[in-house]
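Colleague: Supplied in structure tokens, the structure appears directly below.
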Amino acid sequence: MSNLTGTTVVLGITGSIAAYKAADIASKLTQAGVRVETCMTPAATRFITPLALRSLTGRPVYVDMFDPEAETAEVHVALARRADAVLVAPATATTLARLARGLAEDMVSLTVLATRAPVLIAPAMDNQMWEHPATAANVALLRERGAAFAGPAIGRLASGHSGAGRLESTERILGALRQTLGRSGPLAGRHIVVSAGGTQEPIDPVRYVSNHSTGKMGFAVAEAARDRGARVTLVATPSTAALETPYGVERVTAVRTVDLRDAVLAACADADALIMSAAPADFTPAASAEHKIKKDGSGRLLLALEETPDILQAVRDSGLPVLRVGFAAESRDLEQYAREKVARKGLALIVANDITATDAGFGTDTNRVSIFDATGGAEHLPLLSKYDVACRILDRVAALLP
Ligand code: CTP
């Protein structure tokens, strides 16, 4: 489930060799619960057949503007009105020119002209065509009018040359589409800062103290905030290195708790809310050795640890008007500790979970949490995907923001 589920997206395919990749886009969108209405230019049908798209989407495919068999005489206008978003992928240089000029010469350009839904364009062409001032001017004009762009990516082109012009990956196009659909969401115009992962406190150049946090919950919060229209800064630790940065999210890396504090404070300067899903180490080695610590024959090593600064408290002390949400991972007396932390840290909300559960918490894709608020209210959620948990937290945040 994402903000794609239940939407209607018009997929406009134009005549680039990358048109074959539109099949994958159509398939992934359909799997995500999108009703995909496909329009193709005549040139696109030279690269991929309407039948392929019809089979993947289970819906009619529109190519002929003057089709006497069409369900309505004005099928293009009907499509344009039904759409929650229009995605043109791949978009050729010619199509960009048509869209910029407002020409309605085929089902794709015509639908874009007739719609008031947000438009996302994923260009694909030779790099010299992409870099041509004519194309650059068309892109600038379309952006100015509110169209969003995904890509093109830089890499190997069909010509054998390498440069900017490759169709963006399906995964990133879907991310961009989610961001585009989110523009009118409940967090539109908001800046949300999310922290994720466990910090690493160095003992010496090769060892560190850390914890089991993988950052999956924080990444899900970042994704869900983007899907609701927010600008998102994700401050993530190296333990999250394996996780892909969600499309459209700004990622900042912080290693130690003090680095995380500095990065979070900097990001909070103009933020509306901070969601602290990171697990900052509460203790750090009192001194980090400059060189690798060697065995000294005594059979043991005593490590002196000192407390790290509390980040939520540092943001509170900064006086910045940021709504703060904390997490509490507990192995016992969950409710009591969570209620005590909301009060002690002066939080708007705390999201508490029992880390002894095997289907929730560290490294899993699901979580079972309770949300406690500053007024003593408690909301106990069932086992949900981390994305769905994130949506529930953000719905609460959106309602609390002034
Ligand atoms: N947190 C923080 N700065 C720290 C440690 C934790 O801002 N140095 C944040 C976490 O990101 C989380 C919340 O505080 O959102 C609660 O973290 P937790 O470790 O459960 O709480 P502590 O304050 O460390 O309390 P305790 O160790 O007693 O459980």
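Read-outs throughout are calculated quantities, based only on the coordinates presented, and are distinct from any laboratory measurement. All of these numbers come straight from a predicted model, not from anything done at the bench. Note that each Cβ is placed from the backbone with ideal geometry, even for glycine, and that neighbours are counted across all protein chains shown.
Colleague: Output needed: percent of Cα pairs per 10 Å distance bin for the stretch 297-402, bins running from 0 to the one holding the longest distance.
Modeller: The percentages, shortest bin first, are 13, 39, 30, 11, 5, 1, 0.
Colleague: Would you kindly derive the ³J(HN,Hα) couplings of the stretch 8-24 from the backbone phi angles with the Karplus curve 6.51 cos²θ - 1.76 cosθ + 1.60 (θ = phi - 60°), listing them in order in whole Hz, with x for Gly and Pro?
Modeller: Karplus values, whole Hz, x for Gly and Pro: 10, 10, 8, 9, x, 10, 10, x, 10, 4, 5, 4, 4, 6, 5, 5, 5.
Colleague: Order the peptides 200-209, 382-391, 233-242, 36-45 from the highest to the lowest mean number of other Cβ atoms within 10 Å of their residues.
Modeller: Details: 200-209: 16.9, 382-391: 18.9, 233-242: 21.3, 36-45: 22.8.
Averaged packing, sorted descending, gives the order 36-45, 233-242, 382-391, 200-209.
Colleague: Moving on. Taking every alpha carbon pair in the stretch 48-175, what does the distance histogram look like in 10 angstrom bins from 0, in percent?
Modeller: Histogramming the stretch 48-175 at 10 Å steps yields 12, 39, 35, 12, 1 percent.
Colleague: Which FRET efficiency, nearest 0.05, do Ile154 and Ser318 yield, Cβ-Cβ r, R0 30 Å?
Modeller: On the way: r = 39 Å, r/R0 = 1.31.
Efficiency for this residue pair is about 0.15.
Colleague: Looking at the stretch 186-400 only, what percent of DSSP beta bridges run antiparallel? Nearest 5 please.
Modeller: Working: 16 of 41 bridges.
Rounded to the nearest five, the antiparallel share is 40 percent.
Colleague: For a protection proxy built on the mean count of beta-carbon atoms within 10 angstrom, sort 214-223, 50-59 highest first, please. Intermediate results must be reported in sequence, preceding the final value.
Modeller: Details: 214-223: 27.1, 50-59: 16.7.
The packing order, highest mean first, is 214-223, 50-59.
Colleague: Still on this model: Which of Glu379, Glu290 comes first, and how do the rest follow, when ranked by fewest Cβ neighbours within 10 Å? Don't skip to the answer; put the middle values down first.
Modeller: Details: Glu379 14, Glu290 7.
Sorted ascending by nearby Cβ count, the order is Glu290, Glu379.
Colleague: Among bridges DSSP assigns within the chain, what percent are antiparallel (round to 5)? Mind showing how you got there, number by number?
Modeller: Values: 20 of 63 bridges.
About 30 percent, rounded to the nearest 5.
Colleague: Return the Cα extents of the stretch 138-291 along principal axes one, two and three, sorted largest first, each rounded to a whole Å.
Modeller: Per principal axis, max minus min of the Cα coordinates gives 58, 43, 23 Å.
Colleague: A further question follows. Per 0.36 nm of contour for each residue apart, how much would the distance between Lys294 and Ser331 grow if the chain were fully extended, relative to their Cα-Cα spacing?
Modeller: Details: separation 37, 0.36 × 37 = 13.32 nm, distance 3.49 nm.
9.8 nm is the gain from fully extending Lys294 to Ser331.
Colleague: Moving to a separate point now. Going by how many other Cβ atoms sit within 10 Å of their own, how do Met276, Met1, Met129 line up, fewest first? List each step's numbers first, then the result.
Modeller: On the way: Met276 27, Met1 12, Met129 16.
Taking fewest neighbouring Cβ atoms as first place, the list is Met1, Met129, Met276.
Colleague: Please list the non-local residues whose amide H lies under 5 Å from the amide H of Val252, H modeled 1.01 Å from N, same-chain partners needing a gap of 5 or more.
Modeller: Leu234, Val235, Ala236
Colleague: Suppose R0 equals 35 Å. What FRET efficiency, 1/(1 + (r/R0)^6) with r the Cβ-Cβ distance, do Thr5 and Glu307 give to the nearest 0.05? Please report the intermediate quantities before stating the final value.
Modeller: On the way: r = 44 Å, r/R0 = 1.26.
That pair, Thr5 with Glu307, gives E of 0.20.
Colleague: Something else: On a 0 to 90° scale, report how tilted helix 334-345 is relative to the longest principal axis of the chain, with both axes built from alpha carbons and the result rounded to the nearest 10.
Modeller: Helix 334-345 sits roughly 90 degrees off the main axis of the chain.
Colleague: Given the stretch 5-163, what percent of its DSSP beta bridges are antiparallel, to the nearest 5? If you can, show how the numbers build up before the last one.
Modeller: On the way: 2 of 20 bridges.
In the stretch 5-163, DSSP labels about 10 percent of beta bridges as antiparallel.
Colleague: Contour minus end-to-end for Glu144 and Tyr20, with contour as 0.36 nm per residue of separation and end-to-end as the Cα-Cα distance?
Modeller: Details: separation 124, 0.36 × 124 = 44.64 nm, distance 2.94 nm.
This chain segment gains 41.7 nm when fully extended.
Colleague: Here is a further query. Tilt of helix 386-400 relative to the longest C-alpha principal axis of the chain, in degrees (0 to 90, nearest 10)?
Modeller: Once rounded, one gets 80 degrees.
Colleague: Using mean Cβ contacts within 10 Å as the protection proxy, how do 243-254, 98-109 order, highest first? List each step's numbers first, then the result.
Modeller: On the way: 243-254: 17.8, 98-109: 20.5.
Descending packing order for the listed peptides: 98-109, 243-254.
Colleague: Provide the per-residue ³J(HN,Hα) series for the stretch 271-279, in order, calculated from phi with Karplus coefficients 6.51, -1.76, 1.60 and θ = phi - 60°, each as a whole number of Hz, with x at glycine and proline positions.
Modeller: 8, 8, 8, 10, 10, 8, 8, 5, 10
Colleague: Over the chain, what number does the Rg to Rh ratio reach, with both radii from the alpha-carbon atoms and Rh per Kirkwood?
Modeller: Numbers: Rg = 24.9 Å, Rh = 23.4 Å.
That ratio equals 1.07.
Colleague: Okay, moving on. Taking the Cα centre of the chain as the origin, how large is its charge dipole in debye, to the nearest 20, when only Lys and Arg (+1) and Asp and Glu (-1) carry charge on their Cβ atoms? Please report the intermediate quantities before stating the final value.
Modeller: Values: 42 positive and 43 negative charges, 57 e Å.
My answer is approximately 280 debye.
Colleague: On a 0 to 90 degree scale, rounded to 10, what angle separates helix 170-182 from the longest Cα axis of the chain?
Modeller: 90 degrees
Colleague: Under the rule of -39500 (n - 2.57) per DSSP H run of 4 or more residues, summed and divided by the residues of the chain, what mean residue ellipticity at 222 nm is obtained, to the nearest 500 deg cm²/dmol? List each step's numbers first, then the result.
Modeller: Details: 13 runs with 132 residues, N = 402.
Helices in the chain give a 222 nm mean residue ellipticity of -9500 deg cm²/dmol.
Colleague: Still on this structure, please answer the following. How big is the stretch 1-113 in terms of Cα radius of gyration and Dmax, in angstroms?
Modeller: Rg, Dmax (Cα atoms, Å): 12.9, 38.
Colleague: With viscosity set to 1.002 mPa s and temperature to 20 °C, compute the Stokes-Einstein D of the stretch 186-400, Rh being the Kirkwood radius across alpha carbon pairs; µm²/s, no decimals. Could you put the intermediate results ahead of the total?
Modeller: Details: Rh = 17.7 Å.
The diffusion coefficient I find is 121 µm²/s.
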